[in-house]
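Colleague: Shown below is the structure under consideration.
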Amino acid sequence: AIRYNLRSSSIGISTENIWWGPGYNQSLLMTNNAAGFPHLTYQSLRPLRTRFGSVEWQLISGKLKNSGVEPIEPRRVYDTHFLYEPKNNDNRFISGMMLSLQPSFLKGLHIGFAKMAYLYQADANSPLDYLPLFGFFGIKTTAAEKANRKQMLGSIFLRYQMEKEKAEIYAEFGRNDKPMVPLFFMDELTVPTAFVAGFRKLFPLRAHRSNIELGLEFT
């Protein structure tokens with residue numbers, strides 16, 4: 001990464017892995033299971049304190065290349081038709097944003113949302129196509145969005161840390177087609193959805209000055 005840091009924020013270009021969401025083993029939108037990709041980033045370096053609480057964020061815009069790896073048995077035929085239809089090998093643009101808030105009146109609680117949009121390079125005809133703005137208020141603005149050539153994933157998440165108990169619970173719920181904002185939370189539940197939920201707790205072993213960690217996560 002090459003970044004310029006100013007106080008609590010940073011801007012630059014990077015190929016770093018990105019992990020969004022509260023999960024430890026899985027995340028719905030961005031994980032480090034795959035290699036990083038070239039992207040521009042504007043992000044917080046540490047929580048920014050406001051009168052309402054602490055805020056953390058990241059905005060990215062990048063480029064994805066096809067892996068070139070075909071699925072298992074790509075030549076399988078059923079009823080004289082190939083089951084696998086090769087995808088377009090054109091490069092794709094990806095843009096996304098993540099925002100997390102720790103309310104000042106609820107200590108230990110972190111809430112936030114994340115969204116991701118991507119489209120083929122040939123379908124990007126507007127500067128807005130390179131920004132994670134698509135569908136934020138349910139409005140399609142560019143030609144690619146109106147033609148459904150720009151795809152969307154979104155999630156909302158929370159984490160509640162109990163410092164005295166040395167424990168935490170967390171959850172993330174996501175869906176495609178629409179960003180996960182309250183306006184669309186229960187809209188069109190027939191679209192694919194996913195969730196991550198779990199908890200962790202430390203049990204101190206005073207005699208050995210160490211801890212046993214118990215964790216459970218569902219995806």
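The values are calculated or read from the model by the stated rules, or taken from the named source; none is laboratory data. Please read these numbers as outputs of a predicted model, since none were measured by experiment. A quick note on method: Cβ atoms are made from the backbone with ideal geometry, for glycine too, and the neighbour counts reach across all protein chains shown. Ligands, DNA and RNA are excluded from the accessible area calculation, which covers all protein heavy atoms including side chains. Shrake-Rupley method; radii C 1.70, N 1.55, O 1.52, S 1.80 Å.
Colleague: Which entry in (1) 22.9; (2) 18.1; (3) 19.7 matches Kirkwood radius over Cα pairs in Å derived from the coordinates of this structure?
Modeller: For Kirkwood radius over Cα pairs in Å, the calculated option is (3).
Colleague: So, one more: Give me Rg/Rg_expected for the range 2-89, where Rg uses Cα atoms only and Rg_expected = 2.2 N^0.38 Å with N residues.
Modeller: Details: Rg = 19.4 Å, N = 88, 2.2 N^0.38 = 12.1 Å.
Rg over 2.2 N^0.38 Å, computed on Cα atoms: 1.61.
Colleague: Which residues make up the longest stretch of the chain clear of trypsin sites (Lys or Arg not before Pro) that lie in a DSSP loop with no more than 14 other Cβ atoms within 10 Å, not counting the sites? Kindly include the intermediate steps, with their values, before the conclusion.
Modeller: Details: sites that count: Arg7, Arg51, Lys65, Arg75, Arg76, Lys87, Lys107, Lys140, Lys164, Lys166, Arg206, Arg209.
Longest site-free region, per DSSP loop and neighbour criteria: 8-50.
Colleague: Among all stretches of the chain without exposed chymotrypsin sites (Phe, Trp or Tyr not before Pro) (DSSP loop, at most 11 other Cβ atoms within 10 Å), which one is longest? Working shown, then result.
Modeller: Working: sites that count: Phe52, Phe105, Phe137.
Between the exposed loop sites, the longest stretch runs 138-219.
Colleague: Turning to a different aspect of this structure: Multiply the residue gap between Leu158 and Ala122 by 0.36 nm, knock off their C-alpha separation, and tell me the result in nm, one decimal place.
Modeller: Values: separation 36, 0.36 × 36 = 12.96 nm, distance 3.66 nm.
My answer for the length gained is 9.3 nm.
Colleague: If you average the sequence gap of Cα pairs under 8 Å that are 6 or more apart and divide by the length of the range 1-113, what percent do you get for the contact order? Let's see the in-between values first.
Modeller: Details: 198 pairs, mean separation 23.6, N = 113.
Across the range 1-113, relative contact order equals 21 percent.
Colleague: I've got another one for you. Please compute the net charge surrounding Ala143, taking Lys and Arg as +1 and Asp and Glu as -1 over other residues with Cβ under 11 Å from its Cβ.
Modeller: It works out to a net charge of +1.
Colleague: For the chain, what is the accessible area per residue in Å² when the probe is 1.4 Å?
Modeller: Numbers: 14500 Å² over 219 residues.
For the chain, the per-residue accessible area is 66 Å².
Colleague: In debye to the nearest 20, how big a dipole does the chain give about its Cα centre with +1 on each Lys and Arg Cβ and -1 on each Asp and Glu Cβ?
Modeller: Details: 26 positive and 19 negative charges, 180 e Å.
That gives the chain a dipole magnitude of about 860 debye.
Colleague: Let me ask something additional. Determine the share of the chain's accessible area contributed by carbon and sulfur atoms, expressed in whole percent, with a 1.4 angstrom probe.
Modeller: Answer for the chain is 58 percent, counting heavy atoms of protein chains only.
Colleague: A further question on this structure: Could you compute the FRET efficiency for Leu202 and Ile11, with r as their C-beta to C-beta distance and R0 at 30 Å, rounded to 0.05? All intermediate terms of the calculation are to be shown ahead of the outcome.
Modeller: Working: r = 36 Å, r/R0 = 1.22.
About 0.25, to the nearest 0.05.
Colleague: Here's something else I'd like to know. Report, ordered by chain and residue number, the lysines lying within cross-link reach of Lys201, taken as a straight Cα distance under 20 Å and ignoring same-chain residues fewer than 8 apart.
Modeller: The qualifying lysines are Lys107, Lys164, Lys166.
Colleague: Could you compute the FRET efficiency for Lys140 and Gln26, with r as their C-beta to C-beta distance and R0 at 22 Å, rounded to 0.05? It would help to have the intermediate numbers written out before the result.
Modeller: Values: r = 30 Å, r/R0 = 1.38.
For R0 = 22 Å, the calculated efficiency reads 0.15.
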